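Here the structure is laid out as structure tokens; the discussion comes afterwards.
The values are calculated or read from the model by the stated rules, or taken from the named source; none is laboratory data. Not measured: the values here are computed from a predicted model. Virtual Cβ from ideal backbone geometry, glycine too; neighbours counted across all protein chains shown. Note: accessible area is taken over every heavy atom of the protein model, side chains too, but ligands, DNA and RNA are not part of it. Shrake-Rupley method; radii C 1.70, N 1.55, O 1.52, S 1.80 Å.
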Amino acid sequence: MKIESVLVTGANRGIGFEFVKQFSELEDPPAFVFATYRNESTVEDLKKLQEKSAKSRVILIKLDTTVQQEIEEARITVEQTLRGRGLNLLVNNAGRGLSGRFPNITQDQLLLLFKTNTVGPIMMLQAFYPLLEKAASNSKATEMSTSRACVLNISSVNGSIQKTGVDLMYWYIPEYKISKAALNMGMRIIAANVRDKGILVVNVCPGWVKTDLGGKDKGHITPEECIGDMLKLLPTLNKTQHGSFMDRMGNRYEF
């Protein structure tokens, strides 16, 4: 797998940070790793990683994916940096999680998670679509692949309608599950629209990771293990997985 450029949202902590770390430490790493963060007070570790990176140019971008103006500003920064080369990989990782239970769902909780977990990734893909399309058209490859142009959406098995009520705690965190189910549907629709453009779109559940969002004391795997598995998955992705929903090992879920 050779990726020239990658953008990771929500890169200041958790699996987003680990994506940036492991991408920059690859033997043949991306030339450009764009790492976005929402608050200035949370970038100390990213700055240290930026300074240590020997082969990749790690570029930090302040970005709240729920703010359209910041998305546009980020796109301009990436476009000017890449100078016509296009963006090969967009990792839509930024997200929120809230615990709730019917009948205590509130409109504010629903809207907050929907805006962050569903609207944000869709707006990111839409804004960066011209750069992804440029990367796909500039590539020598003719088949869909991560190296050509790809959008990796961090979803959750909690967003599977088929599994909810079967082997998941169906009454738990409804706001989060609803937002991830909507993300899966949104990306499925977009995948159908970009099929002929050579841009691969996939939704992946990272598993229950020991992070602030997943619960450091409750998760089943570490960020290091999770992203290690994802970096093994990425080179295997092709047109047969376009628009699909899977776990970090490549096993498919029902929507």
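Peptides 82-92, 154-164, 37-47, 107-117: what's the order by average Cβ count within 10 Å, highest mean first?
Packing order, densest peptide first, comes out as 82-92, 154-164, 107-117, 37-47.
When a/c is below 1.5 the answer is rounded, else prolate if a/b is larger than b/c, else oblate, so apply that to region 108-255 with a ≥ b ≥ c taken from the square roots of the Cα gyration tensor eigenvalues.
Prolate is the answer for region 108-255, as a/c is 1.5 or above and a/b outweighs b/c.
How much net charge surrounds Pro30 when only the other residues with a Cβ under 14 Å from the Cβ of Pro30 are counted, with Lys and Arg +1 and Asp and Glu -1?
+2
Suppose the chain between Lys232 and Leu111 were pulled fully straight at 0.36 nm per residue; how much longer would it get relative to their current alpha carbon spacing?
40.1 nm
Find the relative contact order for the chain and round it to a whole percent, using C-alpha pairs within less than 8 Å whose residues are 6+ positions apart.
Relative contact order, the chain: 19 percent.
Taking Cα pairs under 8 Å and at least six residues apart, what relative contact order does region 1-65 come out at, in percent?
This gives 36 percent for region 1-65.
What is the sum of charges, Lys and Arg at +1 and Asp and Glu at -1, for the other residues whose Cβ falls under 9 Å from the Cβ of Ala135?
Value of the local net charge: +1.
Considering only protein heavy atoms, with the full assembly of protein chains and a 1.4 angstrom probe, order Phe102, Phe19 by accessible area, largest first.
Accessible-area ranking of Phe102, Phe19, largest first: Phe102, Phe19.
Identify, among Ala149, Met1, Asn39, the residue whose Cα sits farthest towards the positive end of the charge dipole of region 1-158, taking +1 on the Cβ of Lys and Arg and -1 on the Cβ of Asp and Glu, with the dipole about the Cα centre.
Met1
Would you rank Tyr172, Tyr253 by solvent-accessible area, highest first, keeping every protein chain in place and using a 1.4 Å probe?
Ranked list, largest accessible area first: Tyr172, Tyr253.
Once Lys and Arg get +1 and Asp and Glu get -1 on their Cβ, which of Asn104, Ala136, Gly10 lies farthest toward the positive end of the dipole of the chain?
Farthest towards the positive end: Ala136.
Using only the alpha carbons of region 73-116, determine the length spanned along each of the three principal axes and report them from longest to shortest in whole angstroms.
51, 18, 9
Under a point-charge model restricted to the Cβ atoms of Lys and Arg (+1) and Asp and Glu (-1), what is the dipole moment magnitude of the chain relative to its Cα centre, in debye to the nearest 20?
Roughly 340 debye, rounded to the nearest 20.
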